[in-house]
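Colleague: Before we start, here is the structure in question, set down as structure tokens.
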Amino acid sequence: MQSNSRPVILARLIEKDGKMTLENQITKFEIDGQYSEIVKELYYMANGTSTLRELCAVFAGSDIESFINIIESYYIAFDVMNMGMVGHHFCNYPDMYKPNLNYEQIALLQQLIVEKADEEHLIVQNIDPVDILRQTCRAMSAKKLSRAQFESITLSCYGITAVHEEYISRSVPSAGAIHPLNHYFFTLNVEGYDIGIYKLSNSANSLYKIKGNPSVILGSAMFGDEWKNSSLVHLVTFDISRSVAKYSSRAYRFALLEAGHSAQNAMRKATELKVGSWEYGGYYDHVLEEALSLNTTNSGVATIVFYGGKLD
């Protein structure tokens, strides 16, 4: 374990019926007497500002290193700047105890402070109709997508636009033109494509089929069954193996930014094509990573988008 100046975060600490556990959405780790005092100290120190170096200093002489390694294996504790993406696993699990916000609560959070300025210029241009029409489509059907619709979406999200002598240009910006993303498409009802999993090629504007049963994988990986009402499920994944050589720990941030650019491009194209889209975050990372054989040291699932027919 390397000491550094980055924060360490822990999952929820639960004390009930004389037992103490660390819990997140998918796992529960029961603390025995050997580690109970360490856990209490860790829990109150690991608040996102305490660092690994500070924790090691507090517990100098104890078996803190082996304990942190144990709970990291349960996706419970992590050093956010370690290249292992354990932090990505944990942060993608919603808090099971936090209720959904109602519309009044959302409206309250959206209230903005009115800016005060010496001079104000009202924008006189109209918003592009495509930007007005783009909305999260939670009511969609598994209506068959045409081949043209599907392939246009794939090219908008990560298509190659030019091949230069030293690098490739794509439809989205990428730090250092390294392009660390991979795109998987679970075709459930698409003209000209079997029900299956297709991966967008990194070297050409083409798709190739890989092994896997979309329904089995999605049924295990999703929190709900909303995906069943879609014609296409799009997984945006990242692999920062190459980009860390140039950007070190910042490569993870850049990969997530690029994933957002890519997903937005695809959803905007879907809107132009009158296809509904829904960016979805309720999934179990480890199930998808195992199904797609992702190297979890440097890889993960950044986001998922459903596409289908709009229900007016």
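Colleague: Taking H placed 1.01 Å from N in the peptide plane, check which residues at least 5 places from residue 231 or on another chain put their amide H under 5 Å from its amide H.
Modeller: Under 5 Å from the amide H of residue 231 lie the amide H atoms of 307, 308, 309, each far enough along the sequence or on another chain.
Colleague: Quick one: Karplus J couplings for segment 205-219, per residue in order, coefficients 6.51, -1.76, 1.60, θ = phi - 60°, nearest Hz, x for Gly and Pro?
Modeller: 7, 8, 10, 10, 7, 10, 6, x, 9, x, 5, 5, 5, 5, x
Colleague: Then there's this: Check segment 134-310 and count each lysine pair with an alpha-carbon distance under 13 angstrom, considering only pairs eight or more places apart or from different chains.
Modeller: For segment 134-310, qualifying lysine pairs total 9.
Colleague: Are there trypsin sites (Lys or Arg not before Pro) in segment 264-297 that DSSP marks as loop and that have at most 11 other Cβ atoms within 10 Å, and which are they?
Modeller: 274
Colleague: For segment 234-241, what does the Karplus curve 6.51 cos²θ - 1.76 cosθ + 1.60, with θ = phi - 60°, yield as ³J(HN,Hα) per residue in whole Hz, taken in order and with x for Gly and Pro?
Modeller: 10, 9, 9, 10, 10, 9, 8, 4
Colleague: Return the lysines within reach of residue 16: Cα separation strictly under 17 angstrom, same-chain partners fewer than 8 residues apart disregarded; answer none if there are no such residues.
Modeller: Here the lysines satisfying the reach criterion relative to residue 16 are 28, 40.
Colleague: Then there is this: Given H placed 1.01 Å from N in the peptide plane, which residues other than close sequence neighbours of residue 283 have an amide H under 5 Å from its amide H?
Modeller: 223
Colleague: Now, a different point. I need the peptides 119-130, 240-251 ranked by packing, meaning the mean over residues of other C-beta atoms within 10 angstrom, with the highest value on top.
Modeller: Most protected by this proxy first, the peptides run 240-251, 119-130.
A short reminder: the numbers here are calculations on the coordinates, not readings from a lab. Quick caveat, the model's predicted, so the values are computed rather than measured. Here the Cβ is made from the backbone with ideal geometry for all residues, glycine too, and neighbour counts use every protein chain on show.
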